[in-house]
1. For the stretch 236-247, take each phi angle, set θ = phi - 60°, evaluate the Karplus expression 6.51 cos²θ - 1.76 cosθ + 1.60, and give the result in whole Hz per residue in order, putting x for glycine and proline.
2. Show 124, 135 ordered by accessible area, largest first, where the area counts protein heavy atoms only and the probe is 1.4 Å.
3. When each pair of different Cα atoms in the chain is counted once in the 1/r mean, what is the Kirkwood radius in angstroms, to one decimal?
4. Over the Cα atoms of the stretch 80-178, compute the convex hull volume and normalise it per residue, giving Å³.
5. What share of Cα pairs, in percent, lie more than 13 angstrom apart in the stretch 151-217?
6. May I ask you to derive the relative contact order of the chain, considering only C-alpha pairs under 8 Å and at least 6 residues apart, and to give it as an integer percent?
7. Principal axis lengths of the stretch 204-262 from Cα atoms, whole Å, largest first?
8. If you stretched the chain out fully between residue 78 and residue 122, how much longer would it get, using 0.36 nm times the residue separation minus the C-alpha to C-alpha distance?
Amino acid sequence: MLELYHSINSVCAQKVRIALKEKGQEAKDHIMTLRGDQYEPAYLKLNPNGVVPTLIHDGEPITESSLILYYIDDAFPEPSLMPGQPRQRHRVRMYNKLIDEYVHNSCTILTFATAFRPAFLKMTREAWQAEINKTPLKRRAEYKRSVIEHGLDSEFVADALAHHEKLLSWMADSLKSGAYLAGDDFSNADCAVIPYVLRLELLKLSGMWDRYPAVAGWWARMGARPSVKAAIFDRMTEADWTPFKSLAPDPWPKVRALLKAA
């Protein structure tokens, strides 16, 4: 039996839901608000870092989204989401490593600097600081504090954009040798990257891949893929769309200027 603790807008949860759909596997839903329920003692017993997703397989918790992708492929081998060739398998792992070490935190920085910032600014400083200080990952609290206070003027934004630029550059290079990120077949590399490209689009930052037509083509195909539609777009309610619908000010002019200055 599979159970999944997740949030609809969590990029880490989205990649896992895509993989499950690709495998034809259904998991019992435990939808979390991420407004404090991730720090409740019962959940921290499952996931000590207080993050989503957590996959429960036959009663055993599996954590860390990149590792969950590999676990799903091991537990449910068909259809395979790992290429057969060693170099392509290595490429899948490299994409996940890049995301885990750099892109995910960068995504958090850009999201909190734009879409999520207005909600925090409606709170007292003491209230929102208390909220972000609950995270067991203190470095993440530091990022959030800076971008809530300074928005796109935060000291962390330039590096966050650079890490996304590196991801897009890798993608363009990979797509020279196949239709997907690790060759001719859809793989865990695509599962892992899709939510981060979607997040850029939701933040009105799709201009970042204007000079990468191959990335634009890949994204058009991924957005139309049944697993992506079922795992992400069909799951998003009006409340899930709301933070991204009225970004004010539009972040793209500022981001474009930062990219030109880099």
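The values are calculated or read from the model by the stated rules, or taken from the named source; none is laboratory data. Note that this is a predicted model, so its numbers are computed, not measured. Neighbour counts run over all protein chains shown; Cβ positions are idealised from the backbone, glycine included. What goes into the accessible areas is simple: the full protein's heavy atoms, side chains included, and nothing from ligands, DNA or RNA. Shrake-Rupley method; radii C 1.70, N 1.55, O 1.52, S 1.80 Å.
1. Once rounded to whole Hz, the list reads 7, 8, 4, 5, 6, 6, 3, x, 9, 7, 9, 5.
2. 124, 135
3. Across the chain, the inverse of the average 1/r is 19.0 Å.
4. Convex hull volume per residue, Cα atoms: 121 Å³.
5. 66
6. Relative CO of the chain lands at 24 percent.
7. Largest to smallest, the principal-axis extents are 39, 30, 12 Å.
8. Between residue 78 and residue 122, full extension yields an extra 11.1 nm.
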